[in-house]
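The values are calculated or read from the model by the stated rules, or taken from the named source; none is laboratory data. Bear in mind the structure is a predicted one, so any value in this text is a computation, not a measurement. With ideal geometry, Cβ positions are generated from the backbone for all residues, glycine too; neighbour counts draw on all protein chains shown. Each accessible area value is taken on the protein alone, full model and side chains, heavy atoms only, with ligands, DNA and RNA left out. Shrake-Rupley method; radii C 1.70, N 1.55, O 1.52, S 1.80 Å.
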Amino acid sequence: MKSIACISSSVIAACQHTSTCFPVHRALIRCSSVGRCTNVEFVSRTVVAQQPCGTGVRPFHSMYVNGAVVQQVSAIPLPTPLLLPEKRDDELTVRRTVRRVPPKTASGSAPHLSPYSPYTKSQGDATAPVNIQSLFEGDVIPELCSRLAGFPSNDRAEGLATLLGACVEFGLEAHSPLVLRLMKECLELLSKKDISVAQLCHLGEVAHALEGRQSAMVTEVLDSIGAAVEEDVVSPGEAVRVYSLLTLCYNPASQQQVLMLSTLHRHTQRLVHRLKAGQVSSILESLLKLQQRQAISLVLRLSHRASRVFKSFSDDEITKVLSALMILGQHHEELLTAMEKHLPGRLGECDPELISTVMEYCLLMRCRSEPIFEAVAENFVCHAERHTTLQIAKQIVAMGRLNYLPQCSAQMFKKLESILTTRFSQFQPRSLIEVLHACIQLERFPLNYMSKVFSPFFLQTLQAQGEPLDKNALGQLTQLHLSTSLECKHYRGPRLPYFLHVKKFSSVDQAFETPMDSLLYKRVTGPLTQLLGGKFYSTRIFTPSGYSIDVEISLDEEGYVLPLSQWEQTYRRMALCLDGQTRFCSNTQHLLGKEATKRRHLRRMGYEVVQIPFFEFEKLRSQKERVEYLHKKIFPTIFKFNH
């Protein structure tokens, strides 16, 4: 089998070599005992084939590392050459090493050929006069196929898959006689039902590359894999291969495949504790491609496993894991702990894309992490020039929306101002608005740039070929305008035209304020009515600026609570904010940036803001405790009006 693997690799190497160096000629290909092919000169064309080995040790197998095939050959005795009829007098020298490196020519290196990607000759390559398909038209591969018949099923399947992969790589069509013969032999082999999952996946990949997922061979492969999954004989590495194959061949309309995937999910859950870092990343990436959002239990287990092996992830694997978890919408709390432990030390040398992905993940999961955010801020101060404008926007926006002001905020905003000044034109209009809006959420007011975003020219660039302005962007511009009016009254630059103002922030997809928690409202209104001696309050009130108020209480000039019928005599207003869990970061008791901004603006508008957070109110067990709690919250505020 060693010689079969060696020859199939040599065929590929020969094709690459001849396509860039000189015309194809025939030669002897011989395998040494250490798995390297060396040239031995004969007049006739000679092909080496190893006789079937009766020992239990397989001389050849494949490992799949990051999607690439690494062929391993164990040392066995020197094979006996098999002489075939002579067809050409010239010789072709082919040398195979462990790592295949195409020879370089004066015109440059040979083109890189990815697995199962059809070969295409460069238009300007004058040194490739050979039709590569000529290598496949002789008796070489048919003779190899006949020799493969004597090998065990797994070795034969691997050999056939390798030969089919060579055919795919160098552009042979699925209907060519050689490919049809190989496919026929594969189907006959599949009918025996004794091929391992790894070899089945290899066959499935090359069959899909040749004929697509409607291929009869793909169907046979999936049937055999389904039987193996049902019998629970799939190893962790094989599970990774099966998920990868399903990303190519999965048909959600097939009930059989749906059941197989569901069974694979359950089986993989029991294997999660054995998965390595790269395997966790690969399975999560496959689940994302398969759109398996309903596999919540498996995703959570993989997220938990990711926290255990986080130190072993590469930058690219971390990016894949976090990207998949963001889209699949699941998060294990221990993953954040692992990120806080291992990420800060590697942020200084990692890819900037990883930093922006980490911040995007924290934002989407509402995770406010001091160790991570501090490290990101320090890295931004030192290396912001290396980041793209989109990466910069993701970092600043995450800090603003999660209401985190780092210790080095002075240096960070100084650096941000420098970036905005030198690279202003490089920012996409909406990214620029996101950055400026995040600044006001952290009570930093970029007045130098508000005049630019409120200019007619900039507002016109926000419109895409006559389409209406994005509502979210208009809401952010409205809040920027409110900040200039309420918090920066010395600003004298351009203002946002009134017809572009958002009238109600609550109608813009909860981007600027979170709806009131109805369960918390029901728990609060009973004790509140008892405290005030009646329903002397109103709920869900809209202010002229567009904000909504959960509960509003009106007071007269002396600080007494007014009944609803006398609200025309209102002197002061009190806004009760019933802050449910969704108004806070998921892992801390800090308000989100949008809620903190809303409360600042309400105070600037003259409201007395009283916060009733869920984590305080839920501790109260009796009605009496709740009434006393509201009394301590509300009446100290009311008494202010008596002074």
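Only Lys, Arg, Asp and Glu count, each charged at its Cβ (+1, +1, -1, -1), so figure out the dipole size of segment 518-634 about its Cα centre, rounded to 20 debye.
Dipole of segment 518-634, to the nearest 20 debye: 400 debye.
Want the number for Gln256 to Asp232: 0.36 nm per residue separation, take away the alpha-carbon distance, what's left?
Length difference between fully extended and current span is 7.0 nm.
Taking every pair of alpha-carbon atoms in segment 518-634, what share in percent sits in each 10 Å bin, from 0 to the bin with the longest distance?
In order of increasing distance, the bins hold 13, 45, 35, 8, 0 percent.
Can you count the Lys pairs in segment 518-634 whose Cα atoms are under 16 Å apart, with each pair 8 or more apart or on different chains?
Eligible lysine pairs with Cα atoms under 16 Å apart amount to 7.
With a point put 7 Å past each Cα toward its Cβ, work out how far Glu558 is from Phe499 in nm, to one decimal.
Going from the Glu558 label point to the Phe499 one covers 5.0 nm.
Ignoring ligands, DNA and RNA, how do Thr421, Thr543, Thr588 rank by accessible area with a 1.4 Å probe, largest first?
Thr421, Thr588, Thr543
With unit charges on the beta carbon (Lys/Arg positive, Asp/Glu negative), name the residue among Val240, Ser224, Gly212 whose Cα is farthest towards the positive pole of the charge dipole of segment 211-270.
Projecting each Cα onto the dipole axis, the largest value belongs to Val240.
Give the distance, in whole Å, between the Cα centre of segment 564-588 and the Cα centre of segment 190-226.
Segment 564-588 and segment 190-226 have Cα centres separated by 62 Å.
Taking H as built 1.01 Å from N, whose amide H comes closer than 5 Å to the amide H of Asn403, not counting residues under 5 places away?
Counting only residues 5 or more places away or on other chains, the set is Gly593.
Pop the C-beta distance of Lys414 and Glu487 into the FRET formula with R0 = 25 Å and round what comes out to the nearest 0.05.
0.75
Taking a virtual spin label 7 Å from the Cα of Lys341 along the C-beta vector, which residues in segment 580-601 bring their backbone nitrogen under 20 Å of it?
587-588
What is the dipole size for segment 348-478, taken about its Cα centre, with +1 at each Lys and Arg Cβ and -1 at each Asp and Glu Cβ, in debye to the nearest 20?
Computed about the Cα centre, the dipole is about 340 debye.
For Val551, enumerate residues with amide H under 5 Å from its amide H, sequence gap 5+ or separate chain, H modeled in the peptide plane.
Arg540, Leu576, Leu578
Rounded to the nearest 5, what % of the DSSP beta bridges within segment 518-634 are antiparallel ones?
60 percent
For Lys192, list the aspartates and glutamates whose Cα falls under 16 Å from its own Cα; do not include residues on the same chain fewer than 8 positions away.
Result set, ordered by chain and number: Asp155, Glu158, Glu220, Asp223.
Given a Förster radius of 30 Å and the C-beta distance between Gln611 and Ile327 as r, what FRET efficiency does 1/(1 + (r/R0)^6) yield to the nearest 0.05?
Result of the calculation: an efficiency of 0.35.
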